[in-house]
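See structure below.
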Amino acid sequence: MLQVNDLNKVYEGKVAYRALTDINMEVGKGEFVGIMGPSGSGKTTLLNLVATIDQPTSGEILIEGKDPHQLSKNKLAKFRRQQLGFVFQDFNLLHTLTVEENIVLPLTLDGKKVKEMKEKANVIAEKLGISHIMKKRTFEISGGQAQRVAVARAMIHQPKLLLADEPTGNLDSKSSRDVMEMLENINETEETTMLLVTHDAQAASYCDRVIFIRDGQLYSEIHRGESQKGFFQKIIDTLSLLGGNDNDFSSIRS
Amino acid sequence: MTFRQFALNNVLRNKRLYVAYFLSSMFAVMVFFTFSIFAFHPAFQTGDMPSSAMKGMLVSGGIIYVFSFFFVLYSMSSFLQSRKKEFGLLMLLGMSSRQIRRMTFLENMLIGFLATISGIGIGLVFAKVILLIAEKVLVIDETLNFYFPLEAIGLSFISFILLFFVISIFVTFILRTNKLVDLIKSDKKSKGEPKASIILTIIAVLLLAAGYGTALYVEGIQVVMALIPVVIVVTIGTYLFFTQLSVYLIRRLKKNEHIFWKKTNMLLFSDLSFRMKDNARTFFLVAIISTVAFSAIGTLFGFHSYLMKGLKDANPYSVVYESVEDEDVQKQISAIDQIIADENVTANKEVVEMNYFEIGIDYPVLIVKESDYNRFAKLLNEKEIKLKNKAVVVSDNQANIGNFQNEQKLMEIGIPLKSGEKVQAYSEVSTSVLQEMNAYYIVRDEVFKQLPSAVKQTTFAAWMTKQADEEQLVAIGEKVFDHFDEYHNAFSMDYTIYEIDKAYGPILFIGLFIGIVFFVSAGSFLYFRLYSDLDDDKEKFQAIAKLGLTNNELKKVINRQTAILFFAPIIVALIHGAVALTALMHLFDYNLVKESAMVLGGFALIQIAYFFIVRYFYTKQIQQAIK
Ligand SMILES: Nc1ncnc2c1ncn2[C@@H]1O[C@H](COP(=O)(O)OP(=O)(O)OP(=O)(O)O)[C@@H](O)[C@H]1O
Ligand SMILES: [Mg+2]
């Protein structure tokens, strides 16, 4: 499904900064992969490259065997909004729109039927517990609600590949579990491939596999065994090996 | 770092944000300064300027100044609007609101000072250009040479420093009322939609209908009386139209998900409604200002053409002479011959005795021989007359508009001959071959011989020059004018037109200038409106681009957004302008359709060009932002 070969990213600027070095990884169809690492280690950068929002300096990214970076701009735009779903670290919601309108926005651009859009939005809002705020504007909702709205928008079109950058960053542990369970559910029922960046070991323990990044390089990788509890413990262990006291990192970053 | 340094640095580091505000302030200074260069121009100070024109200048200067005030105030308030969040953060970090007010005050004075200086600088260059154009286009006697306008510089400098001072103080008062939480969320929160009520919407429609109805219905001098009430009614109507009707329409649109959720509509209309309050105000201002521009220029242009139209047609000869009593006709005619010859111009000439007869109506009627008439017709290259019967009635087709009763009388009465018989005219003709005010007869030469003796005799002479240029004709006209300074019984139309142009030139110039200034200002209002949202738009499109927005979709949204901004107010202004010019037509009872169409069409074209230019740059900016 997703293959990343020798990926490098250098941010040009006054001082060039190497954010990613020789990343190689593979994600199978329907796999649920977590990415963890200290702040500034390059997780968002990696996600942005996979999401075709940013261009790699070298190396290639293949989604279903094809390199989306080769597509023309317009095709790329369509590809993104039809095949991919994102949850951005900073939500990326439009403040001129209501919650509901934000959720259906990707569908409206594709000229879907209003009834169909409404149904989908309602179903997903129900699942995420945001039905009661559908008519509100974005400045009238809390950070955690905004995060769930962003999740809803990323999933409404049932993308093949869902990329989520700290989707539980602003949530209490109950809501966080709800969101993760829903993601897991979607992952299982719809076979959506998922790539999830998180600082939260609890959330990461829902994944099939967790990849650790440090200083822009792959550090290690652990697989989930039979039990989520055991996996959670393994993640905690690796994190402490990794060095960052990383667990209490989920603050506001917008 | 002292506080003053902080304020200074704030301006210098936030260049981009300040540039727009700076430019529009500078623009206001430049306009006023350019205008005062003219007002103080030696050519206008000589005293030959009609006092009405001087007064016009003064009033215009006042209008421009008042207008500048609002223009700067408006620019400043949208500038501050876009910085509210910054203020909020500064206050959050512990700056007192007093300090913020002091900072904006210092900033504003700094910007104002720089804008005044550079406005004057650029104004000097601009004035040079305008002076060149004015010299070319308008008949202004002394050449409008460039001079170093010390008075104008002084006046502009003092006026604008004062203006910025007042506005800066004014603005610190506005800032006083803001709550911190409002400041911080200001970029996310809509400034609120104006309240739309059905009643006000209906009132808007009624007011516009009443205003238009009155303007189109009244005629003649009533137009002047109706002017002020109609202007007030239409202005209020326009305000309500934009604040009520537009809100109402967009609300309806937003409610209808089948439209609102269709493709890019959501992006377009959500923004429109988000900025509705600002937009409505801008639309209103732009519509009114453009209407003023259209009407001012249309009126002047129309009035000019009203004055000129027909003068040349009614007086096709180069020079005409009509003797007065006890005048040495021969001497006068050869004097004119001499004047023409002195200018090295050759001319054809015809002379005729004009005989007036008593035929029993209230004035002595001119009767001319067919052959005499035809000599003059030939001189003008007009159609000669072949009388089918003994006589016709002629009315001068320009001189006596609406004097048809006289013709009617002549048709009925007939010409009494010596013999006591009467000759009846068989037809009516209309020409301007002989410059006769009243209706007259042309008769066959043999009929002329049978007429009784004339009660009045004058001599009429006309010259047609061959290949003379405008300048020579005017020179001839001036000499003729001077020579016949007693009775002015000889004149040249070219000179008269030149004289009218000369008197009219400055007025036309000022009118044009003000009209153009207003129109350009309207344009920069729009520009300012658009660009104060640029950052918001960039952010928005960046966000959507991440989700996937094709270039075409982007262009479509920007295109519509810009088009609504640029054309909604202008279309209203064009309609207003058309109604105003129609009322003007009714005032003069003169057809101005061509002139109106030219003025309004010209402005529409400029606006379209402006739209394309701005759209191009705006799209480019956004595209760059999302890469
Ligand atoms: N546009 C950019 N230009 C230059 N450097 C950048 C840019 N974006 C990110 N960086 C740098 O690249 C590194 C990786 O950034 P990235 O956003 O990928 O971190 P992250 O792993 O997502 O961190 P966090 O957990 O805090 O979100 C950081 O050191 C950051 O400073
Ligand atoms: Mg990140």
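The values are calculated or read from the model by the stated rules, or taken from the named source; none is laboratory data. In this text the structure is predicted, and so the values were computed from the model without any measurement. Here the Cβ positions follow ideal geometry from the backbone for every residue, glycine too, while neighbour counts run over all protein chains shown.
Just a few scattered comments:
- Scanning segment A:183-210 for residues that are under 16 Å from A:P38 (Cβ atoms) and assigned to a helix (DSSP H, G or I) gives A:A201, A:A204.
- Which numbered condition A:M36 misses (of (1) within 16 Å of ligand 2 (Cβ to nearest atom); (2) out of contact with any Leu (no Cβ under 9 Å at 6 or more places or on another chain)): (2)
- Against the numbered list (1) within 13 Å of chain B (Cβ to nearest Cβ); (2) touching a Phe, Trp or Tyr at 6+ places or on another chain (Cβ under 7 Å); (3) surrounded by 20 or more Cβ atoms within 10 Å (Cβ to Cβ), A:L97 comes up short only at (2).
- Only one entry in A:P106, A:P56 is away from ligand 2 (no atom under 16 Å from the Cβ), part of a helix (DSSP H, G or I) and either in contact with a Leu (Cβ under 8 Å, 6 or more places away or on another chain) or within 11 Å of chain B (Cβ to nearest Cβ) (or both), namely A:P106.
- Hits in segment A:1-21 - residues which are modelled with pLDDT of 90 or more, away from ligand 1 (no atom under 12 Å from the Cβ), over 16 Å from A:F86 (Cβ atoms) and touching a Ser or Thr at 6+ places or on another chain (Cβ under 9 Å): A:D6, A:L7, A:N8
- Residue match in segment B:371-391 (condition: at positive phi, modelled with pLDDT under 80 and within 44 Å of the chain's Cα centre (by Cα)): no
- Flag if B:A341 is under 27 Å from B:E382 (Cβ atoms) and of a type in the set (A, V, I, L, M, F, W, C): yes
- The residues of segment A:128-144 that are without any contact (Cβ under 8 Å) to a residue 40 or more places away in the chain and either part of a helix (DSSP H, G or I) or polar (S, T, N, Q) (or both), listed by number, are A:S131, A:H132, A:I133, A:E140, A:S142, A:G144.
- Any hit, segment A:211-225, residues being within 14 Å of chain B (Cβ to nearest Cβ), away from ligand 1 (no atom under 16 Å from the Cβ) and under 13 Å from A:G34 (Cα atoms): no
- The requirement of being closer than 28 Å to A:C207 by Cβ, within 16 Å of ligand 2 (Cβ to nearest atom) and surrounded by fewer than 23 Cβ atoms within 10 Å (Cβ to Cβ) is not satisfied by A:T21.
- Note on segment A:128-144: residues that are within 22 Å of B:F269 (Cβ to Cβ), more than 12 Å from every other protein chain (Cβ to nearest Cβ) and not basic (K, R) total 2.
- Residue in segment A:169-177 that is within 16 Å of ligand 2 (Cβ to nearest atom) and of a type outside the set (G, A, S) present: yes
- Filtered residues of segment A:106-125 (kept if among the aliphatic types (A, V, I, L, M) and without any contact (Cβ under 8 Å) to a residue 40 or more places away in the chain): A:L109, A:V114, A:M117, A:A121, A:V123, A:I124, A:A125
- Once segment A:33-62 is narrowed to residues that are more than 18 Å from A:N8 (Cβ to Cβ) and buried (at least 22 other Cβ atoms within 10 Å of the Cβ), the residue that is farthest from ligand 1 (Cβ to nearest atom) is A:G34.
- Residue match in segment A:113-127 (condition: assigned to a loop (DSSP other than H, G, I, E, B) and either within 12 Å of chain B (Cβ to nearest Cβ) or modelled with pLDDT of 85 or more (or both)): yes
- Filtered residues of segment B:245-278 (kept if assigned to a helix (DSSP H, G or I) and at the interface with chain A (Cβ under 9 Å from one of its Cβ atoms)): B:E257, B:H258, B:F260, B:N265, B:M266, B:L267, B:S270, B:D271, B:S273, B:F274
- Residue match in segment B:301-318 (condition: small (G, A, S) and under 30 Å from B:P569 (Cα atoms)): yes
- In segment A:40-52, the residues that are among the charged types (D, E, K, R) form Cβ pairs under 7 Å with partners that are at pLDDT 90 or above and near ligand 2 (Cβ under 8 Å from one of its atoms), at six or more places apart or across chains, as follows: A:K43/A:V197.
- Only one entry in B:E486, B:E553 is free of Cβ contacts under 8 Å to residues at least 60 places away in the same chain and either more than 14 Å from chain A (Cβ to nearest Cβ) or buried (at least 16 other Cβ atoms within 10 Å of the Cβ) (or both), namely B:E486.
- Scanning segment B:251-263 for residues that are surrounded by fewer than 20 Cβ atoms within 10 Å (Cβ to Cβ) and in contact with a helix residue (DSSP H, G or I) (Cβ under 8 Å, 6 or more places away or on another chain) yields B:R251, B:L253, B:K254, B:E257, B:H258, B:I259, B:K262, B:K263.
- Given (1) within 16 Å of ligand 2 (Cβ to nearest atom); (2) within 14 Å of chain B (Cβ to nearest Cβ); (3) assigned to a helix (DSSP H, G or I); (4) crowded, with 23+ Cβ neighbours inside 10 Å, index of the condition A:F86 fails: (3)
- Residue among B:A210, B:A215, B:A287 that is of a type in the set (A, V, I, L, M, F, W, C), farther than 27 Å from A:K135 by Cβ and surrounded by fewer than 19 Cβ atoms within 10 Å (Cβ to Cβ): B:A210
- Just one of the listed residues (B:T214, B:T264, B:T201) is farther than 22 Å from B:F284 by Cα and hydroxyl-bearing (S, T, Y), and it is B:T264.
- Scanning segment B:291-319 for residues that are touching a Phe, Trp or Tyr at 6+ places or on another chain (Cβ under 6 Å), surrounded by 23 or more Cβ atoms within 10 Å (Cβ to Cβ) and among the hydroxyl-bearing types (S, T, Y) yields a single hit, B:S318.
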